[in-house]
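Notes for the one structure printed next.
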Amino acid sequence: ILGGASFELADLMAATPNLPQPAMALIRHLQRRQDRSGAAIVIERAYSQHSDFWPLRLNFAVLQRDRGRRDEAVRTLESGQAPSDPVSRKSWFGVLAQVAADAKQFAVAERALTELERLGEDRRSLALQRARVAVGAGQPAQAIELLRAVLQDRDIDWPESSVQLQALLLMGQLLATSGDYSTALPYYRDAQRIDPQNAQARAFLEMLSQVK
């Protein structure tokens, strides 16, 4: 089955291992193949048998989120036991922060971010996530301040360029939405330096050229 071009429902149901670790191996294989529907089938079946296995619970919560069931995803994680080792806890609380923010459960999101901070999560990544929570809570000014503080700090490297890109784009978007195009411009330009083909940055720069 693993060597086939596609997975049929019956094949996946039969192939899903009864033990949680092999089930996760099959899920990761399907995810690498970008077979989302196949992975979803295995996640649901394996989770129904092994809901206490944290990687399955985490994947099941992500599946719920992707299906628009954000409140249920939060409950899935909140009712489970988070892993104890720091690396796994970062994964768990990173997902919890995202799904809670999407569900507009901002207190839960902030608790998750506080735990990530305790675990040593990069402060720029935290600032980006807290800015997104602030935007969701209708506090764009707070989001701008959070982003400005880390974007202007040149002493600490970004953990990865994608995090910096997302921060620049969010900052530009917030400023542009408030009508402050001139202040938004350098953020979009910096974003385009990181990703020259970025659609959001290009759209803003094209819009600005038409306004002029």
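Where the only charges are on Cβ atoms (+1 Lys, Arg; -1 Asp, Glu), what is the dipole of the chain about its Cα centre, to the nearest 20 debye?
On the way: 26 positive and 25 negative charges, 41 e Å.
That gives a dipole near 200 debye.
If each of Gln81 and Gln139 carries a label point 7 Å out from its Cα toward its Cβ, how far apart are those two points in nm?
3.4
Assign one of three labels to segment 64-178, namely rounded, prolate or oblate, based on the Cα gyration tensor with a ≥ b ≥ c the square roots of its eigenvalues; rounded applies when a/c is under 1.5, prolate when it is not and a/b is larger than b/c, and oblate otherwise.
Details: a/c = 2.24, a/b = 1.35, b/c = 1.66.
Here segment 64-178 falls in the oblate category.
How much mean residue ellipticity at 222 nm does the chain get from its helices, if each DSSP H run of length 4 or more adds -39500 (n - 2.57) and you divide by all residues, to the nearest 500 deg cm²/dmol?
Working: 12 runs with 156 residues, N = 212.
One gets -23500 deg cm²/dmol as the mean residue ellipticity at 222 nm.
Pick out which of Leu77, Leu170, Leu26 has the largest mean-square fluctuation in a Gaussian network model of the chain, springs linking Cα atoms closer than 10 Å.
Greatest mean-square fluctuation among the candidates belongs to Leu26.
Is the shape of segment 18-78 best called rounded, prolate or oblate, per the rule: a/c under 1.5 gives rounded, else a/b larger than b/c gives prolate, else oblate, with a ≥ b ≥ c the square roots of the Cα gyration tensor eigenvalues? Before the final figure, lay out each step's value.
Numbers: a/c = 2.26, a/b = 1.24, b/c = 1.82.
Cα axes put segment 18-78 in the oblate bin.
I'd like to check one number: the per residue accessible area of the chain, probe 1.4 Å, reported in Å² as a whole number. Mind dumping the intermediate values first?
Values: 11570 Å² over 212 residues.
For the chain, the solvent-accessible area averages 55 Å² per residue.
Percentage of Cα-Cα pair distances in the chain greater than 32 Å, rounded to whole percent? Don't skip to the end; give the middle numbers.
Working: 7025 of 22366 pairs.
Value for the chain: 31 percent of Cα pairs lie more than 32 Å apart.
The values are calculated or read from the model by the stated rules, or taken from the named source; none is laboratory data. Just so we're clear, the structure is a prediction, and the values are computed from it rather than from any experiment. Glycine also receives a Cβ, built like all others from the backbone with ideal geometry; neighbour counts cover every protein chain displayed. SASA here: full protein model, heavy atoms, side chains in, ligands and nucleic acids out. Shrake-Rupley method; radii C 1.70, N 1.55, O 1.52, S 1.80 Å.
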